[in-house]
Amino acid sequence: MGHLPAKTIASTLRDIQKSEFVLPAIQREYVWKPSQVVRLFDSILRGYPIGSFLAWKIDPETIAKFKFYGFLKDYSQFDKRHNPDLDLPERQVTAVLDGQQRLTSLNIGLRGSYAVREKYARHNTAHGYPTRRMYLNVLSEAAPNDAGLRYDFRLLTDEQIRESAEDEAHHWFPVTKIFDATNAMQPMMELAQLGLGNNEFAIRVLGELYDAVHAKESLQMYEETDQDVERVLDIFIRVNSGGTTLSYSDLLLSIATAQWKERDARDAIHGLVDSLNSTGAGFSFSQDVVLKAGLMLAGISDIAFKVKNFNTENMAVLDREWDAIGDSLKLAVGLLSDFGLSDATLSAKSVMIPVAYYLHSRGLNDSYRTAVAHAPDRALLRSWVLRSLIVRGVWGSGLDTLLRDLRTVIDDYGTARFPMAELERAMALRGKSLAVTEELIDDILDLSYGGARTFAVLAMLYDHVDTRNQFHVDHVFPKSQLDPKRLREQGFSREDIETLGARRDLFANLQLLPGPENIDKSAAAPDDWAARTYPTPDAMSSYMALNELTELPHDAAAFSEFFEKRRRAVGERIRRKLSSGVAAPQGIIGDLEGYDSTALDAALEE
């Protein structure tokens, strides 16, 4: 390994423009946050070293064996997260093994832009991700700050620049003009035109920034010339063991990219991840989950993230089967959405993998989600999914071993129906029992509003709600009526207010309501709202029974008694529903409490 002559930042970025510097497929994508980009530029202007870089000099004959990407210039969390493809001619190039994040940040700050989601903005609209560019305040240093920054660099939107036009304490100079300058006098002429030609601070900082970019040979780079891929991979893993965590799946995905013949693995997997995450109300599956699911559905015996499992033979299978695998994963996530789950309520992403494997092994298609003939099977699958999300620790440690066990059970028993009982027996042998214990019941009753597991339990217990439609997790007794200020005005003691507040968001005061009903309910007293919404005795009786309600309090004075009674009633419902192993709407598969697999097989065959 040799040491290359030091280079300036500007000359390095020009090499990036010409695709002289490229990124090998083994590199992860850009992950730096705006604060990290700002800190990098502060270090440059202060003359601090920003670390050495490691490159791989690739001979022309080696280029054809790998996939390469360009550096990002205009990054957007919304729609420009993936590096651009490069179709390189067979010539010698230099691939960056260590330093991608820093070089990309320099490229963005000096040549491009960075779009990040505004706080509270919607995730799925471009408007929520305004374009930002790097600016430097040339009137003063940064105000005292916890980050230890000396200079006031910021990534700002055009709107923020317009709003600051009258701010006498700041003048935001676009950093891209420093890179574009052909000589040191150009920034000074810019200052003169802005009326800042005599401002000593502005002259100094822009002069020093120009020198840091164009004059100082500050980028130190080591170069590996060996064309042995195994050696390069080993070096890459070692040098990327620190800093922003490198997912091992990034490396393995890159190996797949180099070996797939029918498609680009990175594009295929990223595209599938994006498709899965746009399902229903939205999810956040990672490429790790999708890649592991691919290994499992492809029938690869060892699904651990190990380089040896990403050999040519296994990758050929994954490449060949990818379309069918993708269809099964989409179907699985569609079912999870039908069960009412989303990113906010899916507490363990890995549950998707065995669901997809079951669907894939039976060759099921999208009709499985709605066909009446599949209703009993869907009910069992739904029950198992929700209960596995309710019990803590099921999808945590020992995941690979658990997934292999589940795959074996599905292969042996899942050819005609979902083998819920057999799966649960296998899970219990791994110490991941779904059995209902008093500890589990107490744990559930202590769940609170807003938790992911909270929804899973509600959906399991109150399965009359069709979670394919809009629904809300609702406080039976309105939280607004338990506001401390309101309670003080009603004469409640401090101790009572604390007790009522502690119970307000707990599980015993929650229910699932269809969206329109919840909106109508709002802050109304529960008894008044129910009398208006369910005016007949039969309708009222049905609502009370379905939601395990023994009574409905009218005001805060009656809340504590209501809470205690419903907590006991809900505890019994948990014991009854979860112990049965089935939470299927009556009329679909009937009362299957105490089912056995023989009876179930017979029911499914009818």
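Quick note: the coordinates plus some simple rules give every number you see, no bench work behind them. Keep in mind that what you see is a predicted model, and the values were worked out from it rather than measured. Glycine gets a Cβ as well: all are built from the backbone with ideal geometry, and neighbour counts include every protein chain shown.
This model, with +1 at the C-beta of Lys and Arg and -1 at the C-beta of Asp and Glu, gives the chain a dipole about its Cα centre of some 640 debye. Based on the reciprocal of the average 1/r between different C-alpha atoms, the Kirkwood radius for the chain equals 28.3 Å.
Converting phi to 3J(HN,Hα) with the Karplus coefficients 6.51, -1.76 and 1.60 and the offset θ = phi - 60°, the stretch 507-512 yields 4, 5, 10, 10, 8, 9 Hz in sequence order, with x at every glycine or proline. Projecting the Cα atoms of LEU291, HIS170, THR104 onto the charge dipole of the chain, computed from C-beta unit charges around the Cα centre, puts HIS170 farthest toward the positive end.
Where only DSSP H runs of four or more residues are counted, the chain gives -14000 deg cm²/dmol as its mean residue ellipticity at 222 nm, each run worth -39500 (n - 2.57).
Principal axis extents of the Cα atoms in the stretch 2-222, from largest to smallest and rounded to whole angstrom, are 58, 44, 32. Along the stretch 153-170 the Karplus relation, 6.51 cos²θ - 1.76 cosθ + 1.60 evaluated at θ = phi - 60°, assigns HN-Hα couplings of 8, 8, 8, 10, 8, 4, 5, 5, 5, 5, 5, 8, 4, 9, 7, 6, 8, 9 Hz to successive residues, with x for each Gly and Pro. Between ARG468 and SER433, the modelled labels are 3.6 nm apart [label points 7 Å from Cα along Cα→Cβ]. In this calculation the C-beta distance from ASP167 to ASP323 is compared with R0 = 51 Å, giving a FRET efficiency of 0.40. Helices meeting the span-like rule in the chain (full DSSP H runs, Cα extent of at least 24 Å along the helix axis, mean Kyte-Doolittle score of 0.0 or higher): 312-338. A Förster radius of 35 Å, combined with the Cβ-Cβ distance separating ARG573 from ALA373, puts the computed FRET efficiency at roughly 0.75. Contact order for the chain, expressed relative to its length and based on alpha carbon pairs under 8 Å spaced 6+ residues apart, stands at 11 percent. Amide H to amide H distances under 5 Å link VAL93 with ILE58, where only residues 5 or more positions off or on other chains count and H is placed in the peptide plane.
About its Cα centre, the stretch 441-580 has a charge dipole of approximately 260 debye under the convention of +1 per Lys or Arg Cβ and -1 per Asp or Glu Cβ, with nothing else charged.
A simple spin-label model places pseudo-atoms 7 Å from Cα toward Cβ; at LEU546 and ALA184 they are separated by 7.8 nm. Only lysines eight or more places from LYS119 in sequence, or on another chain, were considered; those with a Cα closer than 17 Å are LYS33.
When each of ARG488, ARG575 is scored by the number of other beta-carbon atoms lying within 10 Å, the sequence from fewest to most is ARG488, ARG575. Under 5 Å from the amide H of ASP505 lies no amide H of any residue 5 or more positions distant or on a separate chain, with H modelled from the backbone and absent for Pro and chain starts.
When you restrict to C-alpha pairs under 8 Å that are six or more residues apart and normalise by the size of the stretch 2-222, the relative contact order lands at 29 percent. Computed from label points 7 Å out along Cα-Cβ, the spacing between SER286 and GLU262 is 2.9 nm. Near the amide H of PHE53, within less than 5 Å, lie the amide hydrogens of GLN220, MET221, TYR222, all on another chain or at least 5 residues away, with H placed in the peptide plane. Taking θ as phi - 60° and the Karplus parameters 6.51, -1.76 and 1.60, the scalar couplings of the stretch 140-150 work out to 6, 6, 5, 5, x, 8, 5, 7, x, 7, 9 Hz in sequence order, x denoting glycine and proline.
Each DSSP beta bridge with both residues in the chain is either parallel or antiparallel, and the antiparallel ones are about 75%. Pairs of alpha carbons in the stretch 1-91 separated by more than 15 Å make up 69% of all such pairs.
Ignoring lysines fewer than eight residues from LYS577 along the same chain, the ones with Cα atoms less than 28 angstrom from its Cα are LYS349, LYS432, LYS479, LYS521, LYS565.
In a simple Cβ point-charge model (Lys, Arg +1; Asp, Glu -1; nothing else charged), the stretch 314-408 has a dipole of about 340 debye relative to its Cα centre.
Near ARG494, once Lys and Arg are set to +1 and Asp and Glu to -1 for all other residues with Cβ below 15 Å from its Cβ, the sum equals -2.
If one computes P(r) from the Cα atoms of the stretch 248-434, what percent of pairs lie at distances over 26 Å? Of all Cα-Cα distances in the stretch 248-434, 27 percent exceed 26 Å. SER337 sits among other residues whose Cβ lies under 10 Å from its own Cβ, and their net charge, with Lys and Arg +1 and Asp and Glu -1, is +1. By the scheme Lys and Arg +1, Asp and Glu -1, what is the net charge of all other residues having a beta-carbon under 12 Å from that of ASP483? It works out to a net charge of +4.
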